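Peer 1: Sharing a structure, written as structure tokens. Questions coming.
The values are calculated or read from the model by the stated rules, or taken from the named source; none is laboratory data. Remember, predicted model here, so these are calculated numbers, not experimental data. We place every Cβ from the backbone using ideal geometry, glycine too, and count neighbours over all the protein chains shown. Protein only, heavy atoms only, side chains kept; ligands, DNA and RNA dropped before computing areas. Shrake-Rupley method; radii C 1.70, N 1.55, O 1.52, S 1.80 Å.
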Amino acid sequence: PSKLAMGKGWAMVTGELKLWLNKLALPEEYTLIMIGHEKRDRIKTRGGEEYDFTTLNLGGKNKDAVLAFPDHILLVDVKDEVGIEKRIIRTQGGRYWEAGSRNPNIECRGEIELSYEALVNCLVREGGSE
């Protein structure tokens, strides 16, 4: 893709990615779930403060295409509670990570335990998407 002039090759790759995401999501009897790896970007504020921000490990326009697609962006994380590590799912974004939901009725904003039951209760039974 990089051999084509003016970024046309990478635009074609992104266009193909969008096409396949739409094809995968078309059958209404299925739910499309995408799982990806995280990366930590170093953020520097105007005031000179630096911190790590956890986001999806994709670059450029492909990342933008993937993040624009889902109803929910969830982050599986580890939380330290008094020396005990607890696995959680973050359902809402924060200063240090990317997460969120397009559904304004989702009631489990913030974090939930890492379990199938908690995820179903959050996204389906409590006003989330089905």
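Peer 1: Might you let me know whether region 86-99 holds any residue that is modelled with pLDDT under 90, open to solvent by less than 40 Å² (accessible area, probe 1.4 Å) and β-branched (Val, Ile, Thr)?
Peer 2: no
Peer 1: Does Asn62 satisfy the criteria of being under 28 Å from Asp77 (Cβ atoms) and modelled with pLDDT of 85 or more? Before the answer, list the steps.
Peer 2: On the way: under 28 Å from Asp77 (Cβ atoms): yes; modelled with pLDDT of 85 or more: yes.
When the stated conditions are applied, Asn62 passes them.
Peer 1: Please give the strands (runs of 3 or more DSSP E) falling wholly within region 45-130 in which 3 or more residues are touching a residue at least 40 places away in the same chain (Cβ under 8 Å). Explain how you work it out, then say what you get.
Peer 2: Details: elements: 50-56, 75-81, 84-90, 111-113.
In region 45-130, the matching strands (runs of 3 or more DSSP E) lie at 50-56.
Peer 1: Let me ask something else. So for region 105-119 (the condition being at pLDDT 90 or above, out of contact with any helix residue (DSSP H, G or I) (no Cβ under 7 Å at 6 or more places or on another chain), open to solvent by less than 50 Å² (accessible area, probe 1.4 Å) and within 18 Å of Asp41 (Cα to Cα)), does at least one residue qualify?
Peer 2: no
Peer 1: Restrict the check to region 60-78 and report whether at least one residue is surrounded by fewer than 10 Cβ atoms within 10 Å (Cβ to Cβ) and not small (Gly, Ala, Ser). Show your work before the answer.
Peer 2: To start, the set of residues in region 60-78 that are surrounded by fewer than 10 Cβ atoms within 10 Å (Cβ to Cβ) comprises 68, 78.
Those still in the list that are not small (Gly, Ala, Ser) too: 78.
Yes.
Peer 1: Give me the residue from region 1-44 that is of a type in the set (Phe, Trp, Tyr) and part of a helix (DSSP H, G or I) and, out of that set, surrounded by the most Cβ atoms within 10 Å (Cβ to Cβ).
Peer 2: Of region 1-44, the ones of a type in the set (Phe, Trp, Tyr) are 10, 20, 30.
If we keep only those that are part of a helix (DSSP H, G or I) too, we end up with 10, 20.
Values: Trp10: 16, Trp20: 10.
In this case the residue turns out to be Trp10.
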